[in-house]
Every structure is written in structure tokens, then in C-alpha cells.
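Contents: one structure, followed by commentary.
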Amino acid sequence: MRCRIQMSRRAHPHALLYHYAAHAMVMAQYGIQIFSVRVHGVRRHGAIHADLPLRDGRENRRMVERDVAAICAGFEAQKYGCGHARPMADCWDDSGTTLKRLEPFTRDGAELSAWIQYLHERSRVTVMRWWGEIATVAHHLDQAHVMTGVDVSEILEDYRRNPFRGTVSPFRFPRREEHGTPTGGNVDQIWSRPTLSELLRVTQ
Amino acid sequence: MKRPDSLRDPDLQLADLLVHEAAHAVVAWELGIEILHVRFDLDEWSGRMPFIGAMNKFVGDLSGENAQTDAETDMMIFHAGHVAQRWFNYAGSHGHSRIDLWGLMRTCQWVDRDIPLIDAWSEYIEERTRVFVQRRTTWTRILALAAELPRHGVMSGAAVSAFLSGVRIPTTQPEPRLRRNPPPIPPETSTPRAATAGLLGRAVTDVLELSTRARHSLAGARITTIAELLLHSAWDLRWRVGGLGDKTLAEILEETRRHGLRLPEERWIDRQRRVRSARQAEPVYA
């Protein structure tokens, strides 16, 4: 798998770092081999090369879900780290890579869409849970520019060994919540099937 | 038999309820989950299908992948009733059973507490269940059990299992999806790679006998070797290469086929064809 991005100058200075740090951190966590992660050009270009083989649809779905969670993590971390509730410009969602991996498992479009949506949600929860690790890897990536999978594992081990590590929250930016229906985009006006929590009126 | 006045939904039909309960039972049976019994009350128009779900017996890390798999199995059973009802009665869904909804929510909450995640998860499993229920084999069993249910009133798990095992599924068309052990895809036979490999580096004009227009069009698009030609689909050639129309495209395709070469989408179509023939050779339900 290869993910390569060129950011515009308007992007958040840390967006690229969060993206690649999240890829690297989740891959290291799931035992996926990382060949290299690199960020260069004053945080405007980046690339990650990792061993994520295409599966032919006969394996357990868990395996491909794990792969895709690592792929979606970049997008979700970029969104979370920059304080956006919705994808913004320069949020690179790796949708082509995701689709290519899930398509062998189902030919049903609705199932595929729902599956991708679910895996994005799963990645979002993973990113929020492991934000401390991701921010640490992002910091090291900013300084080193190039890292291998071994470097990432060592950084994570150091981080977890440190008894004084604190809670890390996204840098400086407040969380920007989604708009309500009146000010939202046209997509809000389209009727959608009520979700499980809406049917049960469950709130968090 | 009279329709009870206590029912809230005026459009609800008896068949909806029968299909609902039958779908719970059939999906549970196909997923290997233990059914306690299926009960249907004709006077009250109410049904129950208690089962011992995978999460009831789960031991281990609740945040792990095994818990997710088991939870998804149970969620499919909970979703099956409503999904089958909607598939049976295409015009509408006639409300949700709150028992199923709470069952879903509780199953999800064993594994995760994040509500947006649970919503997305439930939606995904609903779609997956829909695909599962719409399989010819599953749907035939659901309809058969729905017809059988009113005769008994209550069917034990063993009786349901015995009945479903005896349902005959027509084998005229093999099931293309969700096979447990799909047969291996046979290797390419029509064009051995070794035979085409030698041609890849050669010039298009040396190998293919093409008209002047075709040669000039390909040269204009910087397509000089066979390898470069095989990187382009027929669509690319037709719409991206200047001066290349339908007739010229047909000529190029014919020439490539004559040499046992295929453009990318043709390779994909050929692979699909081989997969289909391999699956048809081996019926799933004999």
C-alpha cells in the first residue's frame, strides 16, 4: 500500500503529520509491516509505504477490516487533529484504496457504502482513543522527517513505558461541531432512514 | 380468525408477522445459533423467537475482535425480522419491533458505547443482513417456515432445525455469493502469460497488422510497444486517442485478440467469466 499526499499551502501545518502518524501508529498496533513514513517539503508532502496486500474476498472480514481501519485512520486523525467535524479541503480520505480492498468481499453497493461508513466510525473511535500515541508519533515525524516501522514501534514503546505521560488533546483548535439542519448543506434536507439511536431516542 | 383491535399499525398483515419470525429463525439456524423455540399466537397476532446468542456465551475480551464477530452474528438475527418483512412487503416496513431494537442496542453496547459508531455499525449489519436474506436459499427457507408456523403455533428449536433441513432448494442456478469454500479460480488457459510475454517489448507496428489510420493514431498517442497498448482500456483508446473511431478501435481489438492479447477490461471480464464457470461447476446445495 502506498499513500502519497501533496497539501496546499492553506492546510493546517500539522494536518499532514497527523495523517501519517495515524497511519503509522494504527499499522504498528495491528502488526502491519511499515517500510517507511516520510514527510518533507515543510510538511507539504508525505508518503507511507506499508505491506497491506489486496485480499481476494475469501478471507475473514476481520482481516480486511483491520487493514481498512489503518487506511481510514489517516483521514480521521487529520479531521480530529484539526478540529473539524466534517471532511474539509485537503482532507485526504484514501477512498480509492479503501474501496479496492473492500470490493472483493461484496458486490452490493448499499452494503459497501454502509461498511465504509462503519469502518470510518470505527477508525474515528480508535483515533480518539489513541490520540496520545498519534500525537507523539507526529511530533517525532516532524523532527525526523523519515522513519521506519522499527522507529515507530520504539517510539510507541517509549511512550507507553513513560509513567508521567499526560492526556493529550488536539492542538490549540476548539472542536468545531456540525451545523444543525437550517444552516447545513443540501445533504441534510434529504430524507434518510432513522438510525438505531434515533429510533430508540438514545443519547450519549 | 379476526384481526386484533389492539394492533397499532392498521396496515400490518398476518403474513408480515409470520415472515418476521420465520426470518429470525432461519438466519439463526443458518448462522449456527441455538434457537429455543418459535412461538406464534394467532389470536394475539404476536410472535417470539428466543435464542441463545453468541454474545450470551461469549467469554473473553469484550473490546477484542472475537467479541465484534459474535456481536455481529447476534445483530444479524435481530435485524433479520424487519429486513425480511421489508423485502416481503415491498411497499412499506410497518414499523419496527422495539424488542429487536433494544436487543440490537444492548448487543452493540457490550462491545462499544459510542452512539455514532453503534448507529453506523447497525446500519452496516442491516445491509449485510439484507444481502443474506435476499439469497435464494435463505429466502426460500423463510417463506417455507412462515407457511409452516401457523400450523404448529409453537415449534421447538429441534423441530425448526428438522423442518429447515428438509426444505428443498431448487438447484437450477448455483448460488454465486457468500460461499463458505469457494472453488479456486482456474488459471488462464486461453492466453498463457509466457506466450504473450515475448510480445510485450515489441513494437505495435511489427506485431499487429493495422491500417494507416490506426498506426498513426497510436503513434500520435505515444503508444509504440505492445506493453504500452495493453496499459490502455478500449475506452481510453476510443475517447482519449485522437482520430481513433469505432471502426479503428474494432480493428485494433480484433488484431489484439488474434494474437491472444487482451486489454485491461477484457482481462477483468475474462476473469469474471472464469470465476463464474468455476462456481457453476460445483453446485452448493445438492
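The values are calculated or read from the model by the stated rules, or taken from the named source; none is laboratory data. None of the values given here were measured: they were computed from a predicted structure. Cβ sites come from the backbone with ideal geometry, for glycine too, and all protein chains shown count toward neighbours. Areas reflect the complete protein model, heavy atoms only, side chains present, ligands, DNA and RNA absent. Shrake-Rupley method; radii C 1.70, N 1.55, O 1.52, S 1.80 Å.
For the range B:76-92, residues that are of a type in the set (Val, Ile, Thr) and either surrounded by fewer than 19 Cβ atoms within 10 Å (Cβ to Cβ) or free of Cβ contacts under 8 Å to residues at least 60 places away in the same chain (or both) total 1.
Among the residues of the range B:16-37, at least one is over 23 Å from B:Tyr124 (Cα atoms), open to solvent by 10 Å² or more (accessible area, probe 1.4 Å) and at pLDDT below 85. For the range A:1-59, the set of residues classified as open to solvent by 20 Å² or more (accessible area, probe 1.4 Å), of a type in the set (Ser, Thr, Tyr) and in contact with a helix residue (DSSP H, G or I) (Cβ under 6 Å, 6 or more places away or on another chain) consists of A:Tyr30 only. Restricting attention to the range A:114-143 and to residues that are open to solvent by 40 Å² or more (accessible area, probe 1.4 Å) and over 16 Å from A:Ile71 (Cα atoms), the residue that is farthest from the other protein chains (Cβ to nearest Cβ) turns out to be A:Gln143. Residues in the range B:260-282 that are in a loop (DSSP other than H, G, I, E, B), at pLDDT 70 or above and loosely packed, with under 14 Cβ neighbours inside 10 Å: B:Gly260 only. Applying the condition of being surrounded by 13 or more Cβ atoms within 10 Å (Cβ to Cβ) and modelled with pLDDT of 60 or more to the range B:186-202 and asking which residue is farthest from the other protein chains (Cβ to nearest Cβ) yields B:Arg202. Scanning the range A:93-113 for residues that are within 8 Å of chain B (Cβ to nearest Cβ) and either open to solvent by less than 20 Å² (accessible area, probe 1.4 Å) or of a type in the set (A, V, I, L, M, F, W, C) (or both), we see that the one that is nearest to A:Arg55 (Cα to Cα) is A:Thr106. Within the range A:8-31, which residues are under 15 Å from the mean Cα position of the chain (by Cα) and either modelled with pLDDT under 90 or of a type in the set (A, V, I, L, M) (or both)? Once the filter is applied, which keeps residues that are under 15 Å from the mean Cα position of the chain (by Cα) and either modelled with pLDDT under 90 or of a type in the set (A, V, I, L, M) (or both), the range A:8-31 yields A:His14, A:Ala15, A:Leu16, A:Leu17, A:Ala21, A:Ala22, A:Ala24, A:Met25, A:Val26, A:Met27, A:Ala28. For the range A:64-91, a residue qualifies if it is modelled with pLDDT under 90 and part of a helix (DSSP H, G or I), and the qualifying residues are A:Gln78, A:Lys79, A:Tyr80, A:Gly81. Filtering A:Val168, A:Val146 for residues that are at pLDDT 90 or above and within 24 Å of A:His12 (Cβ to Cβ) leaves a single hit, A:Val146. Close contacts from the range B:57-75, counting a first residue that is among the hydroxyl-bearing types (Ser, Thr, Tyr) and a second that is open to solvent by 40 Å² or more (accessible area, probe 1.4 Å) and assigned to a loop (DSSP other than H, G, I, E, B), with Cβ to Cβ under 7 Å and a gap of 6+ residues or different chains, come to B:Thr73/B:Leu31. Within the range B:97-114, if we keep just the residues that are surrounded by fewer than 16 Cβ atoms within 10 Å (Cβ to Cβ) and within 11 Å of chain A (Cβ to nearest Cβ), the residue that is farthest from B:Gln13 (Cα to Cα) turns out to be B:Arg113. Between B:Glu72, B:Glu123, the distinction of being out of contact with any Leu (no Cβ under 6 Å at 6 or more places or on another chain), assigned to a helix (DSSP H, G or I) and either of a type in the set (Lys, Arg) or open to solvent by 20 Å² or more (accessible area, probe 1.4 Å) (or both) belongs to B:Glu123 only.
Please verify whether the range B:134-144 includes one or more residues that are within 12 Å of chain A (Cβ to nearest Cβ), open to solvent by less than 10 Å² (accessible area, probe 1.4 Å) and either part of a helix (DSSP H, G or I) or touching a residue at least 24 places away in the same chain (Cβ under 8 Å) (or both). No, because not a single residue in the range B:134-144 is within 12 Å of chain A (Cβ to nearest Cβ), open to solvent by less than 10 Å² (accessible area, probe 1.4 Å) and either part of a helix (DSSP H, G or I) or touching a residue at least 24 places away in the same chain (Cβ under 8 Å) (or both). Could you tell me whether A:Cys82 is within 14 Å of chain B (Cβ to nearest Cβ) and either more than 21 Å from B:Glu123 (Cα to Cα) or in contact (Cβ under 8 Å) with a residue 24 or more places away in the chain (or both)? So A:Cys82 fails the test. Taking the listed residues A:His140, A:His179, the one that is more than 20 Å from the chain's Cα centre (by Cα) and either assigned to a loop (DSSP other than H, G, I, E, B) or at pLDDT 90 or above (or both) is A:His179, with no other qualifying.
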